[in-house]
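Remarks on the structure that follows.
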Amino acid sequence: MGKAFDVGIDVLAGGSTAGTAPARASDMEPAMQGSGDSAGAAKSFYIETFGCQMNAHDSERVAGVLLARGYRAATTAAEADLMLYNTCSIREKAAQKVFSRLGEYRYAPKGKVIGVLGCLAQQEGEEIFERAPWVSLVCGSASYRKLPELVEQLESGGRRVMGLDLDTDETFETEITRRDNPFRAYLTIIEGCNYACSYCVVPHTRGPERSRHSDAVLSEARRLAEAGYKEIQLLGQTVNSYRDPSARGLNFAALLREVAAIDGIRRVRFTTSHPNDFTREIVEAIDDTPELCEHIHLPVQSGSTPILRAMRRTYTREEYLQKISWLRGARKDFSLTTDVIVGFPGETEADFEETITLLDTVGYDGVFSFMYSPRPNTSASSLVGAVPEEGKKRRLAILQERQRQIQLCRNETLIGREFEVLVDSHHAARGQWAGRTASNRVVNFVSERENLLGEFVFVKVTRAGPNSLVGEQIS
Ligand code: SAM
Ligand code: SF4
């Protein structure tokens with residue numbers, strides 16, 4: 001490889017959300033210009049990330065932009081010259097958390113630059129400067145391609161610098177991406193969202209859907225394979241709506257097959273799929289291709305068709321279940337996970353019961369469940385029929401308990417089975433290794449071998465809990 005494309009965890013200076021140390025000095029651009037630093041002392045950065053995997057990977061790419069400008073990683077937020085918050089505003093609590101964290105920097109030392117990135121930056125815009133006047137940079141994800149210019153403005157003394165352009169058909173391409181996870185590399189293939197779910201801020205904070213050119217995606221995947229990654233996770237808010245803008249015009253299933261065919265890549269995953277764009281062709285591609293993992297995250301949000309309509313999800317309960325039947329009829333034994341919102345305005349006990357029966361019918365291996373949170377600029381926030389907080393909490397608790405039982409039953413059926421596991425962590429105190437199966441199940445196991453991190457091993461399942469499996473290494 002020529003220039004640093006990927007910077008692995010072995011060179012990280014700090015924690016998982018920390019700034020990053022350069023991979024090799026020769027990979028980096030000269031130290032930042034016009035910083036006013038003493039000669040040779042590069043300014044440092046630290047990024048704290050809130051929210052989803054898309055945000056986590058955006059932070060990795062932003063770190064790449066800064067590394068390319070000669071910044072170095074700080075090991076702690078306190079010592080960083082440039083402190084960036086990559087924010088989430090999907091639920092109100094997430095947004096409040098960011099403002100309370102920003103409050104801690106009210107008396108930041110002179111010269112320390114504070115920036116707000118991501119969904120809250122886009123949603124609140126200039127308002128952030130009013131609420132937190134010590135902030136100097138506000139930039140939404142649809143403007144990240146302008147980050148080098150914005151950083152330059154800061155370097156030459158800019159006090160209030162903004163990137164809030166949403167109306168774009170461009171994607172964020174970076175020469176360097178700093179990756180935190182040495183075993184699984186995230187790779188964004190589509191940005192923004194063209195759906196208009198009535199509860200969701202994403203189309204307002206991430207802008208319209210933009211697919212990356214398949215050449216760019218495939219060459220990044222090839223470089224990841226060369227850098228030693230065995231597993232790639234393709235990302236997008238609606239990853240399966242992917243449509244290659246180049247002349248090749250690949251759809252998502254065709255792109256999956258091409259990524260999986262790259263030498264060295266053993267596993268390909270993707271998230272998040274929208275049920276509306278989930279096709280039989282995707283199931284066939286996974287069934288035909290050993291490298292494509294048999295796990296689908298297919299957010300349903302509700303089991304009640306009237307609530308799905310009010311949410312503007314563009315499918316009915318029956319249409320969703322039909323897609324589940326394709327997966328259950330596949331040759332591979334798919335694991336399925338989903339997202340559910342309880343307490344959407346107008347949700348009756350009968351609607352909620354439909355969600356519970358859907359959990360039973362599908363038999364999910366995991367559910368991310370949320371209480372509905374009204375968000376600014378969303379049409380659901382003006383709907384009548386709000387469910388009281390106590391009612392939402394009760395429904396959430398019922399749903400989570402039912403799902404816990406479902407997971408336990410499903411996992412118990414796996415006792416005695418053997419799975420190939422990619423080992424990604426070690427609990428020294430417990431003498432246990434942990435990793436994931438192709439179906440994304442977590443397996444803890446014991447082994448007599450010394451260093452298994454990053455290895456594929458076979459494990460026989462001996463015990464099962466609701467959230468993970470326990471086993472013994474067999475080879
Ligand atoms: N694009 C994905 C999809 O279409 O399902 C989901 C993206 S969103 C970042 C992740 C999850 O947050 C959603 O699936 C939904 O369950 C939840 N969510 C989004 N807006 C919410 C809101 N206003 N209140 C509660 N949960 C919400
Ligand atoms: Fe939000 Fe709906 Fe788009 Fe998912 S599909 S990001 S829930 S608007």
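Just so you know, all these numbers are worked out from the coordinates, no wet-lab data involved. None of these values were measured; they are calculated from a predicted model. Because the Cβ atoms are built from the backbone with ideal geometry, glycine has one as well, and the counts that use them run over all protein chains shown.
Run the numbers for residue 215 and residue 104: contour at 0.36 nm per residue of separation, minus the present Cα-Cα distance, in nm. Show your work: numbers first, answer last.
On the way: separation 111, 0.36 × 111 = 39.96 nm, distance 4.34 nm.
Result: 35.6 nm gained on full extension.
So, R0 is 22 Å and r is the distance between the beta-carbons of residue 261 and residue 326; what FRET efficiency does that work out to, to 0.05?
Details: r = 23 Å, r/R0 = 1.05.
That pair, residue 261 with residue 326, gives E of 0.45.
Using alpha-carbon pairs under 8 Å, 6+ residues apart, how would you state the relative contact order of the range 336-475 in percent? Intermediate results must be reported in sequence, preceding the final value.
Working: 243 pairs, mean separation 29.3, N = 140.
Relative contact order comes out at 21 percent.
Which percentage, to the nearest 5, of the DSSP beta bridges contained in the range 337-475 is antiparallel?
Expressed as a percentage, antiparallel bridges in the range 337-475 total about 65.
Run the dipole for the chain about the Cα centre, Lys and Arg Cβ at +1, Asp and Glu Cβ at -1, nothing else charged, and hand back the magnitude in debye, nearest 20.
My answer is approximately 660 debye.
In nm, to one decimal, how far is the residue 348 label point from the residue 393 one, both placed 7 Å along Cα→Cβ?
According to this spin-label approximation, the distance is 2.6 nm.
Given points 7 Å out from each Cα along the Cα-Cβ axis, report the residue 194 to residue 432 separation in nanometres with one decimal.
Once both label points are built, they end up 4.5 nm from each other.
Need one number: % antiparallel among DSSP beta bridges in the chain, to the nearest 5.
Counting only bridges with both partners in the chain, antiparallel ones make up about 30 percent.
Do the sum for the chain: with -39,500 (n - 2.57) for every DSSP H run of n ≥ 4, divided by all residues, what is the mean residue ellipticity at 222 nm, to the nearest 500 deg cm²/dmol?
The helix contribution divided over the chain gives -9000 deg cm²/dmol.
Setting aside same-chain residues fewer than 8 positions from residue 110, which lysines have a Cα under 29 Å from its Cα?
Candidates past the 8-residue exclusion: 43, 97, 146.
Using alpha-carbon pairs under 8 Å, 6+ residues apart, how would you state the relative contact order of the range 337-384 in percent?
So the answer I get is 57 percent.
Taking chymotrypsin sites (Phe, Trp or Tyr not before Pro) as exposed when DSSP calls them loop (any state but H, G, I, E, B) and at most 15 other Cβ atoms lie within 10 Å, what is the longest stretch of the chain free of them, the sites themselves excluded?
135-475
Quick one: which residues, 5+ away or cross-chain, put their amide H under 5 Å from the amide H of residue 188? H built at 1.01 Å from N.
Amide H neighbours of residue 188: 235.
With a cut-off of 8 Å between alpha carbons and a minimum separation of six or more residues, what is the relative contact order of the chain in percent? Let's see the in-between values first.
Numbers: 1010 pairs, mean separation 46.1, N = 475.
Reported as a whole number, the value is 10 percent.
Points 7 angstrom from Cα along the Cβ direction at residue 402 and residue 474: gap in nanometres?
3.6 nm
Quote the FRET efficiency, to the nearest 0.05, computed for residue 92 versus residue 319 with a Förster distance R0 of 22 Å and r equal to the Cβ-Cβ distance.
0.10
Kindly identify the chain as rounded, prolate or oblate by the Cα gyration tensor criterion: order the square roots of the eigenvalues as a ≥ b ≥ c, call it rounded if a/c is under 1.5, otherwise compare a/b with b/c, prolate if a/b is larger, else oblate.
Oblate, because a/c is 1.5 or more while a/b does not exceed b/c.
For the range 157-209, rounded, prolate or oblate, judged on the Cα gyration tensor with a ≥ b ≥ c (square roots of eigenvalues), a/c < 1.5 rounded, else prolate if a/b > b/c?
Here the range 157-209 falls in the oblate category.
Would you mind checking 93/323; 323/393; 332/460 for any pair whose Cα atoms are more than 22 angstrom apart? Show your work: numbers first, answer last.
Details: 93/323 33 Å; 323/393 30 Å; 332/460 19 Å.
Flagged as over cut-off: 93/323; 323/393.
From the square roots a ≥ b ≥ c of the eigenvalues of the alpha-carbon gyration tensor of the range 317-475, which class results: rounded (a/c under 1.5), prolate (a/b over b/c), or oblate?
Because a/c hits 1.5 or more and a/b exceeds b/c, the range 317-475 counts as prolate.
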